[in-house]
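Notes to accompany the following structure.
Rule-based calculations on the coordinates, nothing more; no lab input. These figures come from a predicted structure and were not determined experimentally. Note: ideal-geometry Cβ built from the backbone for every residue, glycine included; neighbour counts use all protein chains shown.
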Amino acid sequence: MATVQFDQIKKSYGAVEAIRDFNLDIADGEFCVFVGPSGCGKSTALKMLAGLEATTGGTISIGGRDVTELGPGKRDIAMVFQNYALYPHMSVRKNIGFGLKMQGMAARDINTRVEEAARVLELTPYLDRKPRALSGGQRQRVALGRAIVREPKAFLMDEPLSNLDAKLRVQTRSEIVKLQKRLGVTTIYVTHDQTEALTMADKIVVMKGGEIQQVGSAEDLFHTPNNIFVAGFIGSPGMNFFHGTVATGADGPVTRFGETKIALPAKCAAMAGRDMIFGIRPEHLRVAESGPSVGLTLVENLGTEKILHFHTPGQNMLELDRTALANDEERDAQSMLIRVIDDRRYRDGETLNLSFPVDKIHVFDPDTNEVAG
Amino acid sequence: MTDTTTPHRGRSSGGLFATIDFSAPRHRAKFGYLLLAPAVLLMAVIIVYPILLSVSISMQDVRIARIGDGAEPWTLENYQWLFGSGETWHALWVTFKLVAVVGGLSVIIGFATAMLVNQKFRGRAAARLFVALPWAVPEVVATVIWAWMLDSSFGLVNWLLMRSGMVSEPIAFGSDPNAAFAAVCFVMIWKGYPLMSIMLLAGLQSIPEEQYQAAKVDGAGVWQRFWYITLPNMLPVVGVTLVMTTLWVFRDFAIIHVLTQGGPLGATTTLSILTYEQSFEFFRMGQGAAVGVLTMVLCAVISRALVGRMAKSVH
């Protein structure tokens, strides 16, 4: 158990900078999740922490000890891989005990520790099977067993759930969190799935293009995103964005959504006359008696909730390529979404009036993509 | 699926095949057999018939085989000679020695070169080509070159050995039994290790990188990773390549024939050379065929092991 520190970590491949200015403190026993789209450098950061990739600059410390130049075996960490990386020719027992064997532990002690780990993970009946005779979920647990049996200073997990089917993923997700809470081992977990990040982490590190975008709890990231990327990435479906000019109305700053004026947070008063990007989450938009009217283009019924799609008014449409959302393939500047949980029936083509709760509107500077005001 | 066995279709195209819809589930198998038939017939003619013929010849007292000339009565004399003569046992012994030396050393050299060119370094593509080169040279051409290089009077090898002071007089690769056997082994390994290397390289590349990474995190050093990860993962491939090399050494004729003609004193007479000697030097076709049949049976047993291994090697 230990703290983990990244200090000015850099990684370049030739002229390409994969990671720059990576500074992060992870507290003892914390569950820290690195999240970001593919190619954002999250796995590289984890591999540098594991010692599987060399750093180009900076220092990494585990438990206050500088491990930057140490090999993976000397860092006292355990790692769980995406495809589990079990040794196919070894039984479950030998797979779990391999790390201890490499440490030169006596066979009897290894066996005790392996059986204890197997008991915790409910793997006892499978100890003498080969990995190929196990299901995906069981293999996953063997990989976890291999990590916990070592009693390392930190667990490193590289997308450990992505090879499981949806149901098992949700189940294993909570098992990992419970296990981590019980063992209290500092854990660094990499995923591209923001749901995993939100549900599991004490601390989330959102990355993009090799840079940390924001570090914080799930609450922080969800309610006070630093920039347009974090705002769009966290949450499912992601935040709606639209474009507008700030004007001064009778009761404070306003902007036009379509032809209708909507009120903006008070801080926008200082931005009068400027073009800004506004964001509002689909679940914060309200169907109302008055307010901007929109025509539904698609109604997705998910049982408890419904996702309503409507066209972003032409003058409010964002030029995605000019924002930090340029590479987000799921994003469509032409539509905005509303997430509703009610008993009303919605039909395609129906016209609704919306209200934009003023305290839920996020304001971003189109030039910097950072939150404004 | 439409039913094309309607009277209309049947009449318009005529013929039996046109009336059967081969895409229908109940006829699908028939179409498969129909497509297989030419290949099966061809194999029967060019593989099965000669095998049967040689088994037949091996049981006749034939000097020069002539087909359709009225077969000799069947006899087991050739097999009595086969198991009774020291020649066969000697050839078997030479063959097994050769298999052991060539197979063993090719695996070691092939493994080492495969591991080498599996590393990332500048000029890896060139190194891979270089490793595979002996395999690309035609066997007879390569052997003729080596025969010249190993020549006791004019050969490059002896000249180098003398110049470097490793030997005081030229090694008689042609007349010293041990030297001749060593020369054959050397050329066979030179010719045989690239295939090993290529197959083992393919095997090495199929080992997931994560297994090595996991082992590194677990604290395994270089040798431990080789012993606990590389070797067990490679065993099926090593098995298959070893059997393939064994089959090749068993049957190879050109290298030994060009280099030593099986001599001196039968030191390099393998079963293949013995077959050739009996059939085309002594014109005892029946005895030659008997040796051939023995070789075939041994190879069949080894092939069976190969197939078994391949089936098992699927994780």
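What the table shows:
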{"item": "Tilt relative to chain A, helix A:136-148 - C-alpha long axis, 0 to 90 degrees, to 10", "result": "70"}
{"item": "Taking A:ARG169, A:ARG132 and counting other C-beta atoms within 10 Å, the order from fewest to most", "result": "A:ARG132, A:ARG169"}
{"item": "Two-site label geometry, A:ASP128 and A:ALA269: point separation in nm, points 7 Å out along Cα→Cβ", "result": "7.9"}
{"item": "Separation of the B:HIS27 and B:ASP176 label points, Cα + 7 Å toward Cβ, nm", "result": "7.4"}
{"item": "Vicinal HN-Hα couplings computed from phi for the stretch B:26-32 (Karplus, 6.51 cos²θ - 1.76 cosθ + 1.60; Hz; Gly/Pro x)", "result": "6, 9, 4, 4, 4, 5, x"}
{"item": "Percentage relative contact order, the stretch B:76-202, counting C-alpha pairs under 8 Å, at least six apart", "result": "37"}
{"item": "Exposure rule at most 14 other beta-carbon atoms within 10 Å, DSSP loop trypsin sites (Lys or Arg not before Pro): chain B longest free segment", "result": "B:123-315"}
{"item": "Distance between the stretch B:22-39 and the stretch A:217-276 - C-alpha centres, whole angstrom", "result": "68"}
{"item": "Cα centroid separation, the stretch A:1-70 to the stretch B:275-308 (Å)", "result": "64"}
{"item": "Footprinting exposure proxy for B:MET285, B:MET162, A:MET79 (fewest neighbouring C-beta atoms within 10 Å first)", "result": "B:MET162, B:MET285, A:MET79"}
{"item": "Helix-only CD estimate at 222 nm, as mean residue ellipticity for chain B, using -39500 (n - 2.57) per DSSP H run (n ≥ 4)", "result": "-21500 deg cm²/dmol"}
{"item": "Average other protein chain Cβ within 10 Å of Cβ, residues A:100-110", "result": "2"}
{"item": "Highest-MSF residue in chain A out of A:THR186, A:THR55, A:THR351 [GNM, Cα springs under 10 Å]", "result": "A:THR351"}
{"item": "Highest-fluctuation residue, B:ALA305, B:ALA44, B:ALA179 considered, GNM on chain B with Cα pairs under 10 Å", "result": "B:ALA44"}
{"item": "Sequence of A:PHE34, B:PHE283 once ranked by neighbouring C-beta atoms within 10 Å, starting from the fewest", "result": "B:PHE283, A:PHE34"}
{"item": "Measure of compaction for the stretch A:4-230 (Cα Rg per 2.2 N^0.38 Å)", "result": "1.01"}
{"item": "Within straight-line cross-link reach of A:LYS130, lysines at Cα separation under 22 Å, skipping those fewer than 8 residues along the same chain", "result": "A:LYS94, A:LYS101, B:LYS216, B:LYS312"}
{"item": "Translational D in µm²/s for the protein assembly as shown (Stokes-Einstein at 20 °C, 1.002 mPa s, Kirkwood Rh from C-alpha pairs)", "result": "66"}
{"item": "Average Cα contact separation per residue, the stretch B:79-312, under 8 Å, 6 or more apart, as relative contact order %", "result": "29"}
{"item": "Exercise: per-residue mean of other protein chain Cβ atoms within 10 Å, B:221-234", "result": "2"}
{"item": "Karplus-derived 3J(HN,Hα), 6.51/-1.76/1.60, for each residue of the stretch A:161-166, Hz, glycine and proline x", "result": "9, 6, 8, 9, 6, 3"}
{"item": "Among B:ILE229, B:ILE255, B:ILE46, residue whose mean-square fluctuation peaks in a GNM of chain B (springs only between Cα atoms under 10 Å)", "result": "B:ILE46"}
{"item": "Calculated [θ] (222 nm, deg cm²/dmol) that DSSP helices of n ≥ 4 give over chain A, each run adding -39,500 (n - 2.57)", "result": "-6500 deg cm²/dmol"}
